[in-house]
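Okay, structure first, notes after.
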Amino acid sequence: MYCETDEELLELVERARKYTDQGKVASYIPALERADQNDLSLALYYTDDKCIKAGDVEKKFTLQSVSKVLALALAIMDRGENEVFQKVGMEPTGDPFNSIAKLETQIPAKPLNPMINAGALVVTSMISGTSIHEKLGRLLALVHDMTNNSSIDIDLEVAKSEFETAHLNRSLCYFMKQHGIVEGDVEELIELYTKQCAIQVTCYDLARIGMILANKGTDPKTKRKILPERIATIVKTFMVTCGMYNASGEFAIQVGIPSKSGVSGAILGLVPPSLGIGIYGPALNEKGNSIGGVKLLEMLSQRYDLSIF
Ligand code: DON
């Protein structure tokens with residue numbers, strides 16, 4: 001059974017909002033620190049074009065790690081599955097999202113999956129284009145198609161703030177460049193990656209992206225195939241196994257909704273074949289996932305029996 005009204009959702013949002021005091025807004029990217037700790041918003045987007053939403057739904061936020069799902073889809077469309085997975089693995093890690101540890105112990109130094117920073121940086125380096133501008137434009141075009149919102153753009157202040165402080169991501173890139181996994185100029189790659197992470201959306205946009213993935217990559221309104229079904233399947237599977245970082249196993253058991261989080265407090269979720277979910281709640285738990293967002297997904301899953309398992 002699916003939720004029908006904004007009022008039903010609002011009750012859940014207000015219950016989950018009580019947990020936001022227990023979380024912390026990300027501060028390692030200075031521009032993210034100005035977010036409002038108690039914000040929480042939720043949108044559900046169905047394939048019949050119905051969208052219901054509740055909470056601070058007009059608030060805009062950056063995709064951060066949610067962008068890894070979209071960059072992966074684009075890189076596979078550009079390079080094909082074989083080439084992409086020669087450079088990045090398919091296995092979950094039990095480590096934090098920005099860990100460098102496994103790169104040293106794996107031979108070759110190939111990141112374990114595309115949802116951790118090391119893997120995402122490799123994936124972004126494989127997006128086709130002759131300039132940062134062109135590559136970013138192609139990623140934005142995919143976002144515009146999936147959201148049906150061509151006004152979506154980059155929050156340049158957030159991008160600059162991350163670019164100036166992305167020392168750990170630079171070290172991941174240099175390490176992988178040494179081992180032949182990353183090619184090209186590291187500063188250009190960091191510029192593209194930080195801009196990709198700073199794509200600015202609302203929970204409504206996010207929910208529509210989820211709905212397109214739930215519907216196997218096709219826009220039900222226009223019948224246009226935005227992503228090949230196989231690529232939609234690959235990214236959805238990574239959302240289940242690695243989407244909530246080193247909390248992905250527990251989340252699969254407690255919630256069972258394929259999801260991808262970002263340090264801005266964004267969570268993209270979906271329930272095949274017909275529902276996309278967009279959440280924004282910037283207060284994060286100790287694993288870096290939105291504390292109110294995870295609570296909301298737990299409640300939604302229980303109340304509407306949404307676990308895919
Ligand atoms: O690379 C970073 O550190 C950020 N731009 C994205 C990290 C992120 O969202 C991880 N999420 N939990």
Checked segment 41-88 for anything surrounded by 23 or more Cβ atoms within 10 Å (Cβ to Cβ), in a strand (DSSP E or B) and not small (Gly, Ala, Ser); matches are Leu42, Leu44, Tyr45, Phe61, Thr62
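Among the candidates Glu286, Glu191, single out the residue that is surrounded by fewer than 24 Cβ atoms within 10 Å (Cβ to Cβ), within 13 Å of the ligand (Cβ to nearest atom) and free of Cβ contacts under 8 Å to residues at least 12 places away in the same chain.
Values: Glu191 fails: free of Cβ contacts under 8 Å to residues at least 12 places away in the same chain.
Selected residue: Glu286, the only one of Glu286, Glu191 that is surrounded by fewer than 24 Cβ atoms within 10 Å (Cβ to Cβ), within 13 Å of the ligand (Cβ to nearest atom) and free of Cβ contacts under 8 Å to residues at least 12 places away in the same chain.
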From Lys135, Lys110, residue being surrounded by 14 or more Cβ atoms within 10 Å (Cβ to Cβ), farther than 22 Å from Val263 by Cβ and at pLDDT below 95
Lys110
For Leu9, indicate whether it is buried (at least 20 other Cβ atoms within 10 Å of the Cβ) and more than 20 Å from the chain's Cα centre (by Cα).
yes
Segment 144-168, subset assigned to a loop (DSSP other than H, G, I, E, B) and more than 10 Å from the ligand (Cβ to nearest atom), residue surrounded by the most Cβ atoms within 10 Å (Cβ to Cβ)
Asp155
Quick check, is Met239 closer than 30 Å to Pro108 by Cα and in contact (Cβ under 8 Å) with a residue 60 or more places away in the chain?
yes
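Looking only at segment 220-266, how many residues end up being hydroxyl-bearing (Ser, Thr, Tyr), in contact with a Gly (Cβ under 9 Å, 6 or more places away or on another chain) and modelled with pLDDT of 95 or more? I'd like the intermediate steps shown before the answer.
The initial filter retains those residues of segment 220-266 that are hydroxyl-bearing (Ser, Thr, Tyr), namely 222, 233, 237, 241, 245, 248, 259, 261, 264.
If we keep only those that are in contact with a Gly (Cβ under 9 Å, 6 or more places away or on another chain) as well, we get 233, 241, 245, 259, 261.
Of the ones still in play, those that are also modelled with pLDDT of 95 or more are 233, 241, 259, 261.
So the count comes out to 4.
Does Ser67 satisfy being within 16 Å of the ligand (Cβ to nearest atom) and in contact with a strand residue (DSSP E or B) (Cβ under 8 Å, 6 or more places away or on another chain)?
Details: within 16 Å of the ligand (Cβ to nearest atom): yes; in contact with a strand residue (DSSP E or B) (Cβ under 8 Å, 6 or more places away or on another chain): yes.
Judged against the criteria, Ser67 is a match.
Name the one entry in Gly276, Gly217, Gly269 that is within 16 Å of the ligand (Cβ to nearest atom) and either modelled with pLDDT of 95 or more or closer than 25 Å to Arg17 by Cβ (or both). Give the steps one after another, and end with the answer.
Details: Gly276 fails: within 16 Å of the ligand (Cβ to nearest atom); Gly217 fails: within 16 Å of the ligand (Cβ to nearest atom).
When all the criteria are applied, what remains is Gly269.
The values are calculated or read from the model by the stated rules, or taken from the named source; none is laboratory data. Computed from a predicted structure; not experimentally measured. Here Cβ is always computed from backbone atoms with ideal geometry, including for glycine, and neighbour counts include all displayed protein chains.
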